[in-house]
Amino acid sequence: MPAFEARTGMPYWVEKTSQDKRKSTYFYSKILGWEVSEDAYSMARVQGLPVAGFVQQPKEATMNDTWVTYFLSGDIYGDTAKVEELGGQVLSQPSEVSLGVMSLCTDVAGGLFGLIQPAGEESFVAAGEPGTPVWHEYTANREFEKVADFYRGLFNWETVTKDGYALAVEDGGAFAGIWDATGQFPLEVPGFWQSYLGVVDIDEAARRVPEFGGEVIRGPQDSAFGRLLLVADSTGATVMLCEVEEPVEEDDLSEADSILDL
């Protein structure tokens, strides 16, 4: 499985905050084949490469279980200041963890996201294959243009907008999207990021989700991204599964090859 080089402002890491971390890690190990460590911060891996993290919520926490998308930062202290300048909110100031320095924020529409400045100089991610994130999408329940302006200003994104969907692009390739979902949800629902996780067989995943304590909310269904399945996992966090093909092995690619240089 090749590791792709991420650039500043791109989605870099996904993390689940859970009221029952053991239950959460078991669910994803069965559905996605993740190998998950039993450390205080549980790391999920596919073929040895890290793909996601799990953190136990304190007993007194009131936030529902959720997945958080973290974006790569080259200057996390400067970026957190910029979040507030652009009208967002910093929920947790940058703090050092095993992965580097991380901060939790909300955007102008209340959407939760994170910033991460990895430890060390390398910034490679496993993505685009079964068991890894394959797409990152923001649902803007209100203020679509304001949300798009926020992320363009924060990360210097170049975006292309068509039919109420803004694509963030780098060197002509899309890496994230913002969907204008005005009127699709109650107004009190804030915007939210959702990462699509890859599976080989979406129908098989739909059969297995209830077996391991989850619930199928919608699908399987065809889309421009492929066949999709929206589920609530074993502790109630929603996640989108997306059917993707197994990678084709190429002898001349190494684990550290960058997709941007292919």
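The values are calculated or read from the model by the stated rules, or taken from the named source; none is laboratory data. Everything quoted here is computed from the prediction, not taken from an experiment. For neighbour counting, all protein chains shown are included, and Cβ atoms are generated from backbone atoms with ideal geometry for every residue, glycine included. Accessible surface areas use protein heavy atoms only, side chains included; no ligands, DNA or RNA. Shrake-Rupley method; radii C 1.70, N 1.55, O 1.52, S 1.80 Å.
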Hey, GLU246 touching an Asp or Glu at 6+ places or on another chain (Cβ under 9 Å), under 20 Å from ALA52 (Cβ atoms), loosely packed, with under 15 Cβ neighbours inside 10 Å and at pLDDT below 95 or not: yes
The lone exception for ASN64 - which of (1) of a type outside the set (Phe, Trp, Tyr); (2) modelled with pLDDT of 95 or more; (3) outside any strand (DSSP E or B) it fails: (2)
Of all residues in region 84-117 being hydroxyl-bearing (Ser, Thr, Tyr) and under 17 Å from THR69 (Cβ atoms), the one that is least open to solvent (accessible area, probe 1.4 Å): SER103
Any pair with Cβ under 7 angstrom, 6 or more apart, that starts in region 134-148 at a residue that is within 15 Å of ASP163 (Cα to Cα) and ends at one that is of a type in the set (Ser, Thr, Tyr) and open to solvent by 20 Å² or more (accessible area, probe 1.4 Å): PHE144/THR182; ALA148/THR159
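Take ARG208 and tell me if it is closer than 24 Å to GLY131 by Cα, basic (Lys, Arg) and either open to solvent by less than 20 Å² (accessible area, probe 1.4 Å) or modelled with pLDDT under 95 (or both). Break it down stepwise before answering.
Working: closer than 24 Å to GLY131 by Cα: yes; basic (Lys, Arg): yes; either open to solvent by less than 20 Å² (accessible area, probe 1.4 Å) or modelled with pLDDT under 95 (or both): no.
Against the criterion (closer than 24 Å to GLY131 by Cα, basic (Lys, Arg) and either open to solvent by less than 20 Å² (accessible area, probe 1.4 Å) or modelled with pLDDT under 95 (or both)), ARG208 does not qualify.
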Residues being part of a strand (DSSP E or B) and on the phi < 0 side of the Ramachandran plot - total across region 192-247: 28
Filter result for the condition that a residue is of a type outside the set (Val, Ile, Thr) and surrounded by 14 or more Cβ atoms within 10 Å (Cβ to Cβ), over ASP171, ASP201, ASP180: ASP180
Residues of region 11-43 satisfying the condition of being more than 25 Å from ILE202 (Cα to Cα), open to solvent by 20 Å² or more (accessible area, probe 1.4 Å) and in contact with a strand residue (DSSP E or B) (Cβ under 9 Å, 6 or more places away or on another chain): GLN19, ASP20, SER37, ALA40, TYR41
Subset tally (residues that are under 30 Å from PHE155 (Cβ atoms) and open to solvent by 30 Å² or more (accessible area, probe 1.4 Å)) for region 44-77: 16
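Does region 184-198 hold any residues that are within 18 Å of VAL14 (Cα to Cα) and either loosely packed, with under 13 Cβ neighbours inside 10 Å or among the aromatic types (Phe, Trp, Tyr) (or both), and which are they? Please lay out each step first, then the result.
Of region 184-198, the ones within 18 Å of VAL14 (Cα to Cα) are 191-198.
Scanning region 184-198 gives PHE192, TRP193, TYR196.
Among the candidates GLY120, GLY131, which residue alone is in a loop (DSSP other than H, G, I, E, B) and surrounded by 20 or more Cβ atoms within 10 Å (Cβ to Cβ)? Break it down stepwise before answering.
Working: GLY120 fails: surrounded by 20 or more Cβ atoms within 10 Å (Cβ to Cβ).
Answer to the selection: GLY131.
State all residues of region 24-38 that are among the charged types (D, E, K, R) and more than 18 Å from VAL216 (Cβ to Cβ); if no residue qualifies, say none. Steps first, answer last, please.
Residues of region 24-38 among the charged types (D, E, K, R): 30, 35, 38.
If the condition is that a residue be among the charged types (D, E, K, R) and more than 18 Å from VAL216 (Cβ to Cβ), then GLU35, GLU38 are the ones that fit.
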Extreme residue, most open to solvent (accessible area, probe 1.4 Å), among residues of region 211-227 that are free of Cβ contacts under 8 Å to residues at least 40 places away in the same chain and among the hydrophobic types (A, V, I, L, M, F, W, C): ALA224
